[in-house]
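Have a look at the structure below, then the notes.
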Amino acid sequence: MAAATADVLVDTPEAKPTFLQTQMGKNFLLGAAIASVLAIMAAIWLWSQQPDYKVLFSNFSDRDGGAITASLDQMAIPYKFSEGGSAILVPSEHVHDARLKLASQGLPKGGNVGFELMENQKLGVSQFHEQVNYQRSLEGELARSIESLAAVGSARVHLALPKPSVFVREQQRPTASVLLNLQQGRVLDIAQVSAIVHLVASSVPELPVSNVTVVDQAGNLLSENGKPAGGTKQLDPNQLKYVAEIQQRIIKQVESLITPLVGQGNVRAEATADIDFAQVDTAAESYKPNSPPEASAIRSQQVSEANGPGGANASGVPGALSNQPPGAATAPLDGAGAPAAGGATAAPTRKDSTTNYEVDKTVRYEQRPMGGIKRLTVGVLVNYRRIVDAKTGKVTVKALTAAEVVQINNLVKEAMGYSQARGDTLNVTNAPFDGVDKPAAPELKLAWWEDPDNLPLAKELGRYLLLALVLGFLYFRLLRPLLRPVLRRFDEITVPPVSSEPEMTKEEAVKAEVERIQLEEAETNIARGYRENLAMAKTLAKDDPRVVANVVKAWVGANE
């Protein structure tokens, strides 16, 4: 039994270590671990350096999307699509540059087709198709022009172009309809709508302004064709703005003039202006009453005078009495009625005179522009005078004197341009303000972590802090322990040991060298003896295994 045991102990070959148990395997595992940690740290760093993507274009057609992405690939600008593919995102530092470069290429073209449709005309196309393509091109160009407005997101234009006729009575005017999709939160005022109407009317031949209709995405009629019947005209936003500017100017003038007298915050003023927006053109002719002839200027005068021959006509009473001989002649008292010589009567005389005088006439032509002030109404409220006691610091209020109120009233009249003939009214009231002497409420100030302006900065700082924590954990807990053995070996190889003992003399050095050689020889002899003894034991076990078994049995018995 002992011999069998000895055979097992001696003849069993030594177990070979695996690759991972060898020094090379351990070095390989160490290098793989270090590389893995470095790769993780590099990936985290690259992830933290990813650019911030922003929207380049959105709500584009598929054709424009393909052209835009192809151009971005040529410009080597990275891009990605948002959820649903409704927008193209690029790094924030490339947004403006990419937009300018794409705009130079005419991108995005939009969903409307312009006059480029006429460039792809096929040979043999009919006149009807040419007319349809021309109308589509004209509608697309008008839509593109309208979409260039800041408040308009998209637009569609529909044109109705009737066929020309040789008969004047059968000729029809073209019409146009414009559908606007406005930007969110944006509106168009009357002037902008009118500009769109005139733009369309000026682009289509013989299209009157009244035949253009503009509608927004909510179905509201924006053009002037939607006025109520009867021609009722209301104030447009420009006129309302003009009224508000006049009222604010008057308020500012009044408050700036009264504030030095009563102090800052102790005067309030409001004004209401009645503005005449009617444009009046007046032409009048007036005639004065007739003046006396001697006071009037003569325009023309005509005088005519005629003298006729003597009367040979029969005279007297008709009848038998006329046939009787004349009676005895009597001489008149004076020579006025004396008969003419030879028995003939005096010749008749006729004189006509016509005089035309100048007529007074006044012609007056007056043109009054709109925007004149018809009436002003101003109200001014002045606070009581505040008196602070220098000793106690107590604040008391006191009403203004009558003279001071009159002075303020006169100043306000001068500031507002008061006109009694125009019917202006002014009311100046002196009364205490409520809450003037109360302490002012503390200003509400948000904490720095509640301020929305600091949120982007906080996110960026948190991002870098998280990155530093992760990289620090990987370095100090994983990479540094793995590198410690490598660095220790590197130091042992590259850095020679530094002795802290003092320098020895030449004799001491020789003596130490001799002792070192003797020590090495002794160690060599011991190792040689050990190897010789081991070889002898192996030979003895091979030649006489029984003796070896007895020795081993004796050792086992001794241990017990």
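The values are calculated or read from the model by the stated rules, or taken from the named source; none is laboratory data. In this text, all values refer to a predicted model and were calculated from it rather than measured experimentally. When we count neighbours, we look across all protein chains shown, and the Cβ atoms used for this are built from the backbone with ideal geometry, even at glycine. Calculation scope for accessible area: heavy atoms of the full protein, side chains included, ligands and nucleic acids excluded. Shrake-Rupley method; radii C 1.70, N 1.55, O 1.52, S 1.80 Å.
Here are the numbers for this structure:
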{"item": "Percent breakdown of C-alpha pair distances by 5 Å bin, ordered from the shortest bin, for the stretch 102-221", "result": "2, 10, 19, 20, 18, 14, 10, 5, 2, 1, 0"}
{"item": "Packing-based ranking, highest mean first, of 420-426, 193-199, 378-384 given that Cβ atoms within 10 Å are counted", "result": "378-384, 193-199, 420-426"}
{"item": "Other-chain or far-sequence residues with amide H under 5 Å of Ser223's (modelled H)", "result": "Val214"}
{"item": "Local electrostatic count, Val254, Cβ distance below 12 Å [Lys/Arg +1, Asp/Glu -1]", "result": "+1"}
{"item": "Residues Leu240 and Ala402, FRET efficiency given R0 of 41 Å [Cβ-Cβ distance, rounded to 0.05]", "result": "0.55"}
{"item": "Extension gain, Val187 back to Glu130 (0.36 nm per residue minus Cα-Cα distance, nm)", "result": "16.8 nm"}
{"item": "Accessible-area order (highest first, 1.4 angstrom probe) of the listed residues Thr282, Thr392", "result": "Thr392, Thr282"}
{"item": "Ordering of 467-477, 212-222 by burial proxy (mean other Cβ atoms within 10 Å per residue, highest first)", "result": "212-222, 467-477"}
{"item": "Packing rank of 268-276, 179-187, where each peptide gets the mean count of other beta carbons within 10 Å, highest leading", "result": "268-276, 179-187"}
{"item": "Where labels lie 7 Å past Cα in the beta-carbon direction, separation of Ser256 and Glu450 in nm", "result": "3.9"}
{"item": "J(HN,Hα) series, the stretch 425-430, from Karplus relation 6.51 cos²θ - 1.76 cosθ + 1.60, nearest Hz, glycine and proline x", "result": "10, 9, 9, 10, 10, 10"}
{"item": "Cβ-derived FRET efficiency at R0 60 Å, Ile44 paired with Val215, nearest 0.05", "result": "0.60"}
{"item": "Value in Å of the Kirkwood radius, where the stretch 164-273 supplies the Cα pairs that are averaged", "result": "18.1"}
{"item": "Spin-label model distance (nm) - Gln172 vs Ala468, 7 Å beyond Cα toward Cβ", "result": "7.7"}
{"item": "FRET efficiency, Asn427 to Glu366 (Cβ-Cβ, R0 41 Å, nearest 0.05)", "result": "0.75"}
{"item": "Inter-label distance for Leu461 and Gln279, nm, one decimal - labels placed 7 Å from Cα along Cα-to-Cβ", "result": "6.2"}
{"item": "Other-chain or far-sequence residues with amide H under 5 Å of Asn430's (modelled H)", "result": "Val382"}
{"item": "Computed lengthening from His198 to Ile526, 0.36 nm per intervening residue step minus Cα-Cα distance", "result": "106.4 nm"}
{"item": "List Tyr464, Tyr365, Tyr53, ordered by accessible area with a 1.4 Å probe, largest first", "result": "Tyr365, Tyr464, Tyr53"}
{"item": "Lys, Arg +1 and Asp, Glu -1 on Cβ, resulting dipole of the stretch 138-201 about Cα centre, debye, nearest 20", "result": "140"}
